[in-house]
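Quick notes on the structure that follows.
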Amino acid sequence: MKNLLPILLLFVMSDALANKITVGKNKAITMLREGIKTAMDGDTILLNEGIYKEGNIIINKAIYLIGINGPVLDGENKNEILTLSGKNIVIKGIQFVNAGYSSMNDYAALKIIDATNVVIENNTFNNSFFAIHVSNATHSVIRKNTIKGNNKSEHLSGNGIHLWKCNTALIDNNHITGHRDGIYFEFVTESTIQNNLSEKNIRYGLHFMFSNNDNYFNNTFRNNGAGVAVMYSHKVKMEGNKFEMNWGPSSYGILLKDITDSYIQHNTFLKNSVGIYMEGSSRIEVSKNIFKENGWALKVQASCDDNNFFQNNLFGNSFDVGTNGSLVLNKFYNNYWDKYEGYDRNKDGIGDVPYHPVSMYSMIVEQNPNSLILLRSFMVSLLDKAEKAIPSLASENLVDDKPMIKSIKL
């Protein structure tokens with residue numbers, strides 16, 4: 001909130017001195033481009049309803065652009081629509097449609113370059129290559145926008161909200177669907193993504209790389225082609241998010257690759273091929289999450305170390321944990337596993353017998369994926385019974401020494 005105070009103070013002070021310029025049919029000014037040329041720093045442009053086809057319009061002044069009754073800026077499938085550069089710019093209540101496509105350049109309906117204190121709020125974006133593209137900006141707010149892509153193939157679609165080399169951004173309460181990646185961060189620091197719904201995107205609902213000290217709160221990532229990918233970053237906090245129905249041979253609730261010193265807490269992983277897939281990641285706290293009805297709740301590769309998994313609830317997953325090696329350098333403790341059949345003689349709520357979440361069959365599947373066809377077969381059921389009778393058949397290294405008897409109240 002402290003990061004947003006400079007924006008709020010500047011807008012309140014400028015509003016007292018601002019002029020209002022009305023643009024629209026049957027007005028003195030009929031073209032948005034002319035209204036922007038007339039405006040001075042601190043002015044407000046009221047854009048009346050109508051369809052405006054004016055090519056790429058550039059704003060480099062500190063102005064408010066407010067749509068009245070949903071005016072439409074149409075890129076005619078060949079142009080970028082609006083480019084912002086400067087500081088203290090607000091865009092509200094505009095419909096952006098039919099931005100151009102380019103295989104060489106990142107054409108966007110709304111492009112923000114070298115800017116500070118920009119607010120993009122309550123707009124709609126339809127049929128754009130990139131919807132909102134932000135580069136080299138600070139203190140940006142992108143809030144309450146509806147973004148719908150053309151849902152074409154991956155190479156013919158851009159990202160819904162794309163940030164490159166930015167800091168202190170707030171991405172709040174947007175609905176993004178039908179793009180390549182719903183939200184994309186690269187070299188973005190000290191920023192927050194919260195309360196967004198990113199669904200039915202071609203590749204990732206959220207994709208970020210080389211982006212440190214960022215927070216992700218209370219978002220829903222649903223039914224995206226490959227789920228969510230988090231790569232080459234540290235000090236990431238993910239809390240209160242929902243990762244749902246991300247199914248496919250290379251689809252995950254979250255893919256963590258080379259992530260360090262991060263927190264994944266109070267999230268729900270429901271009906272994903274893999275809830276969390278971890279590779280080359282260290283010092284991550286995975287706690288107080290719900291894993292329900294996933295193919296694999298967790299896949300923790302042998303390249304991961306010093307991660308802690310505790311106080312998680314795991315219900316109805318085909319496999320609780322999978323791994324590709326015998327060396328285990330991570331800790332599992334105080335988790336609830338619905339497949340655990342141990343006992344608690346001293347009634348302290350903790351099982352007296354350790355739980356081995358990596359089944360022998362999951363190890364066979366890891367080595368030979370085609371054997372997955374035998375899932376639910378009599379032979380696999382027999383193998384599971386043999387593991388319970390002879391625990392040494394299971395992985396001895398990956399173990400929860402203190403499994404919970406009852407599910408944990410989160």
Whole number please: convex hull volume per residue, Cα atoms of the range 251-335, in Å³. 74
Taking the alpha-carbon distance from residue 292 and a cut-off under 14 Å, which aspartates and glutamates remain once sequence neighbours fewer than 8 residues away in the same chain are dropped? 244, 320, 338
Rounded to two decimals, what is Rg over Rh for the chain when you use alpha-carbon atoms and the Kirkwood radius? 1.09
Extend 7 Å from the Cα of residue 69 along its Cα-to-C-beta direction; within the range 35-62, residues with backbone N under 11 Å of that point are 48-50
Per residue, what accessible area does the range 80-159 have, given a 1.4 Å probe and all protein chains present, in Å²? 35
For residue 30, solvent-accessible area (1.4 Å; no DNA, RNA or ligand), Å²: 70
If each of residue 25 and residue 51 carries a label point 7 Å out from its Cα toward its Cβ, how far apart are those two points in nm? 1.1
How big is the charge dipole of the chain about its Cα centre, in debye rounded to the nearest 20, if each Lys and Arg gets +1 on its Cβ and each Asp and Glu gets -1 on its Cβ? 960
Dipole in debye (nearest 20) - the range 57-159, about Cα centre, beta carbon charges: Lys, Arg +1; Asp, Glu -1: 260
Mind scanning 237/288; 111/148; 152/200; 347/409; 200/271; 148/271 and naming the pairs with a C-alpha gap bigger than 19 Å? 148/271
Please give the helix 5-17 orientation as an angle from the longest Cα principal axis of the chain, in degrees from 0 to 90, rounded to the nearest 10. 20
Only helices counted: for the chain, with every DSSP H run of 4 or more residues adding -39500 (n - 2.57) and the sum spread over all residues, [θ] at 222 nm is -3000 deg cm²/dmol
Assign unit charges at the C-beta atoms only (+1 for Lys and Arg, -1 for Asp and Glu), then state the dipole size of the range 100-258 relative to its Cα centre in Debye, rounded to the nearest 20. 280
Given Cβ charges of +1 for Lys and Arg and -1 for Asp and Glu, the option among 241, 291, 67 whose Cα lies farthest towards the positive end of the dipole of the chain is 67
Accessible area, probe 1.4 Å, largest first, for residues 337, 247: 247, 337
Once you put a point 7 Å from the Cα of residue 58 and another 7 Å from the Cα of residue 237, both along the Cβ direction, what distance in nm separates them? 4.0
Neighbour-limited loop hits for trypsin sites (Lys or Arg not before Pro), the range 316-356 (at most 13 other Cβ within 10 Å; DSSP other than H, G, I, E, B): 345, 347
If I stretch the segment between residue 247 and residue 144 completely, what's the gain in nm (0.36 nm per residue apart, minus their alpha carbon distance), one decimal? 34.3 nm
For residue 192 and residue 78, compute 0.36 nm times the residue count separating them, minus their Cα-Cα distance, and round to one decimal in nm. 37.8 nm
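The values are calculated or read from the model by the stated rules, or taken from the named source; none is laboratory data. Because the structure is predicted, anything quoted here is derived from the model rather than measured. All Cβ positions, glycine included, derive from the backbone under ideal geometry; neighbour counts span all protein chains shown. Ligands, DNA and RNA are stripped out before the accessible areas are found, and what is left, the full protein with its side chains, is counted by its heavy atoms. Shrake-Rupley method; radii C 1.70, N 1.55, O 1.52, S 1.80 Å.
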